[in-house]
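Remarks on the structure that follows.
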Amino acid sequence: MTEIQAVLCGYYGKGNGGDEALLVSMLEMLPSNVKPLVLSANPRATSKSYGVKSYDRMNSGSVVRALKESQILILGGGSLIQDATSMRNSIYYGGLMGLAQQFGLKTIAIAQGIGPVNKPLTRWIAKRAFGNCTALSVRDPASAALLDEWGISSLLAPDPVWSLAATPVPEIASIPSPKIAVTLRSHPQLTNQRLDTITQALVDLQTATDSHVLLVPFQPTTDMDIARQIQSELTDNSQVVTLTDPKQLKGLFQGVDLAIGMRYHSLIMAAAEGCKCWAISYDPKVSKLMTEIDIPGWEMADIPTEANAITQAWQQHLNTGTALSNESVRSLNQKSLAHKDLLAATISKISA
């Protein structure tokens, strides 16, 4: 087969464990004749970690050079075009896809979580970007329904991180049960008052269950202060765990009894490794996941104001709740490989 080069773009190089897991998944999906070039916020670290060619995503000269060297642009996973937080990402990724198409590259969008797209400009960008794709897959039914409403066909399959192979973390596995993993992130809705209530609930839960609490900052630049603040209130049976290898990050959840998470991919990783999950939703993508795989939890605005109510809910789920069944996990893993099949079939046609 003829070797071709593909530019991979996403929220890469920002130190976000979920997005790095998506990048690893995307790299593993690529057919053997595809040479990847990754646009990254930290190209040196990306090249070192994954052994790939990488350019600075915000350097216009580097971006143009990457596109001119390549035949395909792959928009690789995640909620990249949305206006829940700001429009900057939508403008960036939509503009990048439009530029690639002007340069004659085929554009492929894989495992997208689209929306919310409430602003007219965001909707226009999304329709134009996805409507001109050579191939397109999404990771949730709501995204597929939105595209269908716009007359754009897509493949629906679970997020690729479901099928990412986990690497065990022996030092975590050796900790006695019960083990509780917590993945909180900085967010305007996570006010100091809410964080104080959640922290007290965790303190009470640890006391009631004699559990070991693992505080996992998925993106240390934004999550570390919260993890350390909570850890300072807990007993010695707690620790902040920072892992940069996405496969280890997923493997951390092996043997964990309860995962309490805001981070979307922390919940996928935990559920995929047989862990009971409790979600705190700050974003529609987390709420969608709660519905899709029946994860209990709260919308941020609905978190109880009394720590005791939170502790009771968590303790009951720890004692009597159930994890996703092995059959469901296997099904999600298998179905998520449809993104890989679509990528392979599309690239085979392009390179023929």
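The values are calculated or read from the model by the stated rules, or taken from the named source; none is laboratory data. Fair warning: this is a prediction, and the values are worked out from it, not measured in the lab. FYI the Cβ positions are ideal-geometry reconstructions off the backbone, even for glycines, and counts take in every protein chain you see.
State whether one or more residues within the range 63-78 are part of a loop (DSSP other than H, G, I, E, B), surrounded by fewer than 22 Cβ atoms within 10 Å (Cβ to Cβ) and touching an Asp or Glu at 6+ places or on another chain (Cβ under 8 Å). Within the range 63-78 (the criterion being part of a loop (DSSP other than H, G, I, E, B), surrounded by fewer than 22 Cβ atoms within 10 Å (Cβ to Cβ) and touching an Asp or Glu at 6+ places or on another chain (Cβ under 8 Å)), the answer is no, since none of the residues qualifies.
Considering each of I198, I226 in turn, give the residue that is closer than 30 Å to G77 by Cα, crowded, with 18+ Cβ neighbours inside 10 Å and touching a residue at least 40 places away in the same chain (Cβ under 8 Å).
Numbers: I198 fails: closer than 30 Å to G77 by Cα.
So the residue among I198, I226 that is closer than 30 Å to G77 by Cα, crowded, with 18+ Cβ neighbours inside 10 Å and touching a residue at least 40 places away in the same chain (Cβ under 8 Å) is I226.
Scanning for something assigned to a strand (DSSP E or B) and small (G, A, S), does the range 238-246 turn up at least one residue?
At the first step, the residues of the range 238-246 found to be assigned to a strand (DSSP E or B) are 238-240.
The next check asks that each one be small (G, A, S); those that pass are 238.
Within the range 238-246, one or more residues are assigned to a strand (DSSP E or B) and small (G, A, S).
Taking T122 and the conditions (1) assigned to a helix (DSSP H, G or I); (2) at pLDDT 95 or above, which numbered condition does it fall short on, given that it satisfies the others? The one condition T122 does not meet is (2). Scanning the range 82-97 for residues that are farther than 21 Å from D56 by Cβ and among the hydrophobic types (A, V, I, L, M, F, W, C), we see that the one that is farthest from the chain's Cα centre (by Cα) is M87. Pairing each residue of the range 250-273 that is farther than 18 Å from N333 by Cβ with any residue that is polar (S, T, N, Q) and buried (at least 24 other Cβ atoms within 10 Å of the Cβ), provided the two are 6+ apart or on different chains, yields C-beta distances under 6 Å for G261/T183; R263/T183.
Being over 19 Å from K349 (Cβ atoms) and free of Cβ contacts under 8 Å to residues at least 12 places away in the same chain is the requirement here; does G51 meet it? Taking the combined requirement at face value, the residue satisfies it. Can you find, within the range 1-25, the residue that is nearest to S137 (Cα to Cα) among those that are of a type in the set (A, V, I, L, M) and touching a Phe, Trp or Tyr at 6+ places or on another chain (Cβ under 9 Å)? Out of the qualifying residues, it is L22.
Looking only at the range 14-24, decide whether some residue is under 21 Å from Y264 (Cβ atoms) and basic (K, R).
We begin by selecting, within the range 14-24, every residue under 21 Å from Y264 (Cβ atoms); these are 14-24.
Those still in the list that are basic (K, R) too: 14.
Yes, the range 14-24 has at least one match.
Helices (runs of 4 or more DSSP H) wholly in the range 144-232 with at least 3 residues that are among the charged types (D, E, K, R) and within 28 Å of M300 (Cβ to Cβ) - which ones? I'd like the intermediate steps shown before the answer.
On the way: elements: 170-173, 192-209, 220-231.
Qualifying helices (runs of 4 or more DSSP H): 192-209, 220-231.
The single condition among (1) touching a Ser or Thr at 6+ places or on another chain (Cβ under 7 Å); (2) surrounded by 22 or more Cβ atoms within 10 Å (Cβ to Cβ); (3) farther than 22 Å from G113 by Cα that S281 does not satisfy is (3).
Inspection of the range 175-186 finds a residue satisfying the criterion of being more than 27 Å from N326 (Cα to Cα), surrounded by fewer than 18 Cβ atoms within 10 Å (Cβ to Cβ) and out of contact with any Lys or Arg (no Cβ under 7 Å at 6 or more places or on another chain).
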